[in-house]
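The values are calculated or read from the model by the stated rules, or taken from the named source; none is laboratory data. As the structure is a prediction and not an experimental result, all values here were calculated from the model. Here the Cβ is made from the backbone with ideal geometry for all residues, glycine too, and neighbour counts use every protein chain on show. Side chains included, ligands, DNA and RNA excluded: accessible areas come from the protein's heavy atoms. Shrake-Rupley method; radii C 1.70, N 1.55, O 1.52, S 1.80 Å.
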Amino acid sequence: MPTHSKQQAPVSDRRAIIIDTDPGQDDAVAILLALASPELDVLGITAVAGNVPLALTELNTRKICELAGRPDAKVFAGASEPIARKLVTAEHVHGKTGLDGPTLPEPTMPLQDQHAVDFIVETVLDRDAGEVTLCALGPLTNVAQALEKEPAIAERLAEIVLMGGGFFEGGNITPAAEFNIYVDPEAAKIVFNSGVKLTVMPLDVTHKALTSRDRVEAFRSPGTRPGIATAELLDFFERYDEAKYGTNGGPLHDPNVIVWLLEPEIYSGRQINVEIETDSPLTRGMTVADWWRVTDRAENCFFVRDLDDQRFFDILTQRIARL
Ligand code: RIB
Ligand code: CA
């Protein structure tokens, strides 16, 4: 008798998503959550260069899918370089593999032959308008290239939910810019000007989703392999931000994109204008958020600022324990 059957909602009731990602420990936790959530139909996972080079982000994505017990998931490789910049990576945060912490076996599942950008375009065109949500967890290169390649997808996408930017919190890779936006500001500008419904999870909210010893142990204690691996990912990942910010625990960024799809009511923010700095070397990648609406610029995104952090971790812990 199974302890619990993985109740799958009828496909029609499930929200169709594509995850674009640069794993990255926090990306890994977001992907595990998505694959553990029956409300979501993960059509594919597209890897982009970011935290580490593309050869590692696609490999890491496949490792995570197998950790989740999903070797059937479709993983695609996308852009290896930003649109107009030299790639900047973050091994200092994520380790040289990009997934330092647990020892995960080399994957046996295949990487899909199709390019990630073509998969995004083809899938959004094939599905009904308003059906597919894009969840962007890394630099926006793949997303922007898909919008450039086939502008018609902009009006067909249900929504883009992305982790990126920061305003009241400033930046994390420079004083002005958050990493995902900084790496490819031209791509971010294309996405923020696309007219697609946009929900943004900036550092302003992710810095309130702090791990703690208890929260990390809550992943480990059920004793499942995905839970133990999640704790090991976070043990490694939080050390950098704990030292940098002097906090007990580090911010867990990317899973906020997936939790937004599951329980948006735990978040609050404002529909405002955000512009991306692409000219100034000093403030490259800055998300200039008109939080106080002092301009008449178009309100192009829902900019999230607060969350119920305990509920956030409860959702993560409960669902990853199901894998
Ligand atoms: O600044 C944090 C973001 O950059 C996260 O998505 C992290 O994974 C890195 O991609
Ligand atoms: Ca990421």
Contacts under 8 angstrom Cβ, first residue in segment 115-127 being farther than 11 Å from Leu43 by Cβ and among the charged types (D, E, K, R), partner surrounded by fewer than 16 Cβ atoms within 10 Å (Cβ to Cβ) and modelled with pLDDT of 95 or more, 6 or more apart: Asp118/Lys149
The lone exception for Leu54 - which of (1) touching a residue at least 40 places away in the same chain (Cβ under 8 Å); (2) open to solvent by 10 Å² or more (accessible area, probe 1.4 Å); (3) within 16 Å of ligand 1 (Cβ to nearest atom) it fails: (1)
Selection within segment 199-223 - open to solvent by less than 30 Å² (accessible area, probe 1.4 Å), part of a helix (DSSP H, G or I) and among the aliphatic types (A, V, I, L, M): Leu203, Val205, Val216
Test: residue in segment 258-273 that is farther than 29 Å from Glu186 by Cα, part of a loop (DSSP other than H, G, I, E, B), at pLDDT 95 or above and within 18 Å of the chain's Cα centre (by Cα): yes
Among (1) within 12 Å of ligand 1 (Cβ to nearest atom); (2) within 21 Å of Glu58 (Cβ to Cβ), the one test that Ile173 misses: (2)
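Residues that are under 18 Å from Phe219 (Cβ atoms) and either at pLDDT below 95 or more than 14 Å from ligand 2 (Cβ to nearest atom) (or both): does segment 37-53 have at least one? Break it down stepwise before answering.
Start the filter on segment 37-53 by keeping residues that are under 18 Å from Phe219 (Cβ atoms), which leaves 37.
This time we only want the ones that are either at pLDDT below 95 or more than 14 Å from ligand 2 (Cβ to nearest atom) (or both), so: 37.
Yes, the conditions are met somewhere in segment 37-53.
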Matching entry among Glu159, Glu148 (being in contact with a Lys or Arg (Cβ under 6 Å, 6 or more places away or on another chain), among the charged types (D, E, K, R) and more than 16 Å from ligand 1 (Cβ to nearest atom)): Glu159
Hits in segment 176-199 (condition: within 16 Å of the chain's Cα centre (by Cα) and within 12 Å of ligand 1 (Cβ to nearest atom)): Glu178, Phe179, Asn180, Ile181, Tyr182, Val183, Asp184
Subset of segment 165-198 (residues that are crowded, with 24+ Cβ neighbours inside 10 Å, under 19 Å from Phe302 (Cβ atoms) and not small (Gly, Ala, Ser)): Glu178, Asn180, Ile181, Val191, Phe192
Members of segment 129-164 that are in contact with a strand residue (DSSP E or B) (Cβ under 9 Å, 6 or more places away or on another chain) and among the charged types (D, E, K, R): Glu131, Arg156, Glu159
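For Asp100, are the conditions met, namely being open to solvent by 10 Å² or more (accessible area, probe 1.4 Å), part of a loop (DSSP other than H, G, I, E, B), over 16 Å from His115 (Cβ atoms) and charged (D, E, K, R)? Walk me through it before giving the result.
Details: open to solvent by 10 Å² or more (accessible area, probe 1.4 Å): yes; part of a loop (DSSP other than H, G, I, E, B): yes; over 16 Å from His115 (Cβ atoms): yes; charged (D, E, K, R): yes.
So Asp100 passes the test.
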Unique match (being more than 15 Å from ligand 1 (Cβ to nearest atom) and not charged (D, E, K, R)) among Phe302, Phe237: Phe302
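Per-residue answers, yes or no, for (1) within 21 Å of Gly249 (Cα to Cα); (2) part of a strand (DSSP E or B); (3) modelled with pLDDT of 95 or more:
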| position | (1), (2), (3) |
| --- | --- |
| Asp279 | no, no, yes |
| Leu282 | no, no, yes |
| Asp296 | no, no, yes |
| Phe303 | no, yes, yes |
| Gln310 | yes, no, yes |
| Leu316 | yes, no, yes |
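Here is a check on your reading of the model: is Glu159 open to solvent by less than 40 Å² (accessible area, probe 1.4 Å), under 16 Å from Ala90 (Cα atoms) and among the acidic types (Asp, Glu)? Before you say what the answer is, go through the steps one by one.
Details: open to solvent by less than 40 Å² (accessible area, probe 1.4 Å): yes; under 16 Å from Ala90 (Cα atoms): no; among the acidic types (Asp, Glu): yes.
The answer is no for Glu159.
Please find, within segment 128-143, the residue that is farthest from Lys74 (Cα to Cα) out of those that are more than 16 Å from ligand 2 (Cβ to nearest atom) and in contact (Cβ under 8 Å) with a residue 60 or more places away in the chain. Lay out the reasoning, then the answer.
Initial filter on segment 128-143 (more than 16 Å from ligand 2 (Cβ to nearest atom)): 128-133.
Now restrict to residues that are in contact (Cβ under 8 Å) with a residue 60 or more places away in the chain: 131-133.
On the way: Glu131: 18, Val132: 16, Thr133: 16 Å.
Here the residue is Glu131.
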